């Protein structure tokens, strides 16, 4: 564990408005929706989770992080972030994450028609860690409208969205310190999202992605 965590180059700078040690969720009625086009939309709620920096510290120490290698064209490369996945029958690493998943499932019940069941965690240690342009299209997301909710803790990093085809500019949100973004409708198959590398001295961030069954 120490080996894969030890290359964090920039410590987390705590948020002055997030000094509470107890992680608590705010009401979801502050969500603001933006229509992206082609049947896609996003909901955003800054600071949904208070005490997010304390949760970040707990997740760093308690989640079984692991590195992965994947084939990229004719070679195998390191995935530039650490990962952990909790299937629907796995206990989540902190009670507030189970509370968050339940709250999101209840809020989107009429729109989604099913609960969120899994949680995938990504640990971006510094600006060298990233995720390339993609949609969550493994499974049902390639053919069906679905929903992916991302809760961010730690230092803010830019999440970019762009349409897969046709015209349209890039949408940018800096997410961290308890911010929530929800990508819904056709977003996974008609738009792509990414967390790009940066040379700026950014701190570490963890994203928690809640998904329905059969969406990755």
Next item on the list: Kindly establish whether residue 109 is in contact with a strand residue (DSSP E or B) (Cβ under 6 Å, 6 or more places away or on another chain) and either free of Cβ contacts under 8 Å to residues at least 60 places away in the same chain or surrounded by fewer than 18 Cβ atoms within 10 Å (Cβ to Cβ) (or both).
Entry: no
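Tell me whether the stretch 83-95 contains one or more residues that are in contact (Cβ under 8 Å) with a residue 40 or more places away in the chain and under 28 Å from residue 185 (Cα atoms). So that I can check it myself, show each step before the final result.
Let us first name the residues in the stretch 83-95 that are in contact (Cβ under 8 Å) with a residue 40 or more places away in the chain, namely 83, 88, 94.
Add one more test, that the residue is under 28 Å from residue 185 (Cα atoms), and what stays is 83, 88.
Yes; the residues of the stretch 83-95 include at least one that is in contact (Cβ under 8 Å) with a residue 40 or more places away in the chain and under 28 Å from residue 185 (Cα atoms).
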Next item on the list: Scan the stretch 159-179 residue by residue and report those that are within 17 Å of residue 136 (Cα to Cα) and either part of a strand (DSSP E or B) or in contact with a strand residue (DSSP E or B) (Cβ under 9 Å, 6 or more places away or on another chain) (or both).
Entry: 159, 160, 161, 162, 163, 164
Note to self: Just to verify a result, which residue in the stretch 27-52, among those that are out of contact with any strand residue (DSSP E or B) (no Cβ under 7 Å at 6 or more places or on another chain) and in a loop (DSSP other than H, G, I, E, B), is nearest to residue 178 (Cα to Cα)?
What the structure shows: 47
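Find the strands (runs of 3 or more DSSP E) located wholly in the stretch 53-123 whose residues include 1 or more that are closer than 26 Å to residue 43 by Cα, and list them. If you could, list the steps in order and put the result at the bottom.
Numbers: elements: 69-72, 75-78, 82-86.
Passing ranges, in order: 82-86.
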Next item on the list: Say whether the condition of being at pLDDT 95 or above, buried (at least 18 other Cβ atoms within 10 Å of the Cβ) and under 14 Å from the mean Cα position of the chain (by Cα) is met by at least one residue in the stretch 64-80.
Entry: no
Notebook entry, point to check: Given the structure, is residue 49 at pLDDT 95 or above and within 14 Å of residue 104 (Cβ to Cβ)?
Noted result: yes
Checklist line | Total residues in the stretch 53-80, condition free of Cβ contacts under 8 Å to residues at least 60 places away in the same chain and more than 21 Å from residue 117 (Cα to Cα) | finding: 16
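The values are calculated or read from the model by the stated rules, or taken from the named source; none is laboratory data. For clarity, every value in this text was computed on a predicted model and none was experimentally measured. In this analysis, Cβ positions are derived from the backbone assuming ideal geometry, glycine residues included, and neighbour counts consider all displayed protein chains.
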